[in-house]
């Protein structure tokens, strides 16, 4: 399945530099419709106002609402329950990864990562989506 390069992606991270790095990687991969949020609560507002989002890329550790809390909120809301979520984390703690998998994360990318790793994770998410018939 070809991935829509015009899909709308939301990048959620409390560090503006990290958002910039992810946005630059996405642009290298030919994705150009990119929104940003500093934390999960801001992300939920953006999600509520953009029903055409195709992918959320979120950091794990953020103030106000972290990535796991954001993921749980997305999964609990029927209109967004199937929205793909790529979790970015600096840690590979088994219990955290298990918690995110249990909460319904679509995939992980562990820092540091590059454009190839990001492409691989995004491809895997969209190639594993059930086809809508």
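Bear in mind these aren't lab numbers, they're just calculated from the coordinates by the rules spelled out. In this text the structure is predicted, and so the values were computed from the model without any measurement.
Points to keep in mind about this one:
- Volume of the Cα convex hull of segment 13-133, divided per residue and given in Å³: 110
- In terms of overall dimensions, segment 70-125 has a Cα radius of gyration and Dmax of 11.7, 33 angstrom.
- Theoretical gain in end-to-end length, residue 92 to residue 75 [0.36 nm per residue, Cα-Cα removed]: 3.9 nm
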